[in-house]
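Engineer: The following block contains the structure, expressed as structure tokens.
The values are calculated or read from the model by the stated rules, or taken from the named source; none is laboratory data. Everything numeric in this text was worked out from a predicted model, so none of it was measured. Cβ placement follows ideal geometry from the backbone for every residue including glycine, while neighbour counts extend to all protein chains displayed. Note: accessible area is taken over every heavy atom of the protein model, side chains too, but ligands, DNA and RNA are not part of it. Shrake-Rupley method; radii C 1.70, N 1.55, O 1.52, S 1.80 Å.
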Amino acid sequence: VEFEIGSGCARCVAYHPTEYALACGFDDGTVRVFDIASTSLLEEYTQHKGRVVALAYAHTTQRLFSAANDGSLCAYDVLHSYQPCRAFDATPHADSPCLAVSADDQLLVVGGLQPHALLIFE
């Protein structure tokens with residue numbers, strides 16, 4: 001399946017764990033969520049000033065997390081139309097922060113925001 005994603009360059013993608021949907025992060029700070037079957041845009045938010053370089057869904061599918069090269073992180077409430085629900089800003093120490101969600105969805109681990117350290121959010 002190939003479809004148009006709108007303007008901009010997609011830098012990262014994440015599949016929804018249980019639905020036929022994916023999230024894409026773009027150079028302009030936008031996160032877009034698409035329905036793969038219909039190729040339609042479901043949601044679009046611009047919470048970041050820098051380019052979005054990492055995305056991760058929680059395993060319970062209740063949250064989507066994004067990280068940008070400007071040091072900003074955002075959590076989206078998947079169950080409520082992907083409304084942004086938490087944000088965090090830091091001075092980035094890497095061009096491409098990375099994200100990982102623990103198997104029990106209790107922790108979000110972020111690399112690249114602090115030198116010689118990982119940030120762990122509960």
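Engineer: Being assigned to a strand (DSSP E or B) and surrounded by 20 or more Cβ atoms within 10 Å (Cβ to Cβ): is that true of Val13 here?
Structural biologist: Working: assigned to a strand (DSSP E or B): yes; surrounded by 20 or more Cβ atoms within 10 Å (Cβ to Cβ): no.
In short, no.
Engineer: Checking Val33 against (1) modelled with pLDDT under 90; (2) crowded, with 19+ Cβ neighbours inside 10 Å; (3) part of a strand (DSSP E or B), which single condition isn't satisfied?
Structural biologist: (1)
Engineer: Same structure, new question: Please work out which residue is farthest from Leu113 (Cα to Cα), limiting yourself to the stretch 76-88 and to residues that are surrounded by fewer than 19 Cβ atoms within 10 Å (Cβ to Cβ) and among the hydrophobic types (A, V, I, L, M, F, W, C).
Structural biologist: In this case the residue turns out to be Leu79.
Engineer: Just the residues that are part of a loop (DSSP other than H, G, I, E, B) and open to solvent by 80 Å² or more (accessible area, probe 1.4 Å), please, taken from the stretch 38-50.
Structural biologist: If the condition is that a residue be part of a loop (DSSP other than H, G, I, E, B) and open to solvent by 80 Å² or more (accessible area, probe 1.4 Å), then Gln47, Lys49 are the ones that fit.
Residues checked against (1) in contact with a strand residue (DSSP E or B) (Cβ under 9 Å, 6 or more places away or on another chain); (2) hydroxyl-bearing (Ser, Thr, Tyr); (3) under 20 Å from Asp28 (Cα atoms); (4) modelled with pLDDT under 90:
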| position | (1), (2), (3), (4) |
| --- | --- |
| Ala56 | yes, no, yes, no |
| Leu64 | yes, no, yes, no |
| Ala67 | yes, no, yes, no |
| Asp77 | yes, no, no, no |
| Ala87 | yes, no, yes, yes |
| Pro97 | yes, no, yes, yes |
| Asp105 | yes, no, no, yes |
| Val110 | yes, no, no, yes |
| Gln114 | no, no, no, yes |
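Engineer: Look through the stretch 65-75, keep the residues that are open to solvent by less than 10 Å² (accessible area, probe 1.4 Å) and over 8 Å from the mean Cα position of the chain (by Cα), and return whichever of them is nearest to Val13 (Cα to Cα).
Structural biologist: It comes out as Ala68.
Engineer: Of the residues that sit in the stretch 89-108 and are within 13 Å of the chain's Cα centre (by Cα) and open to solvent by 40 Å² or more (accessible area, probe 1.4 Å), which one is farthest from Gly50 (Cα to Cα)?
Structural biologist: Applying the filter and picking the extreme gives Ala100.
Engineer: So which residues in the stretch 1-58 are charged (D, E, K, R) and touching a residue at least 12 places away in the same chain (Cβ under 8 Å)? Talk me through it step by step, then tell me what you get.
Structural biologist: In the first step, residues of the stretch 1-58 are kept if they are charged (D, E, K, R); the result is 2, 4, 11, 19, 27-28, 32, 35, 43-44, 49, 51.
Glu4, Arg11, Glu19, Asp27, Asp28, Arg32, Asp35, Glu43, Glu44, Lys49, Arg51 - these are the residues of the stretch 1-58 that are charged (D, E, K, R) and touching a residue at least 12 places away in the same chain (Cβ under 8 Å).
Engineer: Continuing with this model, one more query. Of all residues in the stretch 23-51, count the ones that are farther than 21 Å from Ala87 by Cα and either touching a Pro at 6+ places or on another chain (Cβ under 6 Å) or not acidic (Asp, Glu) (or both).
Structural biologist: Kept after step one, since they are farther than 21 Å from Ala87 by Cα, are these residues of the stretch 23-51: 34-42.
After this cut, where a residue has to be either touching a Pro at 6+ places or on another chain (Cβ under 6 Å) or not acidic (Asp, Glu) (or both) as well, the list is 34, 36-42.
Number of matching residues: 8.
Engineer: Look at Gln62 and say whether it is polar (S, T, N, Q) and loosely packed, with under 13 Cβ neighbours inside 10 Å.
Structural biologist: no
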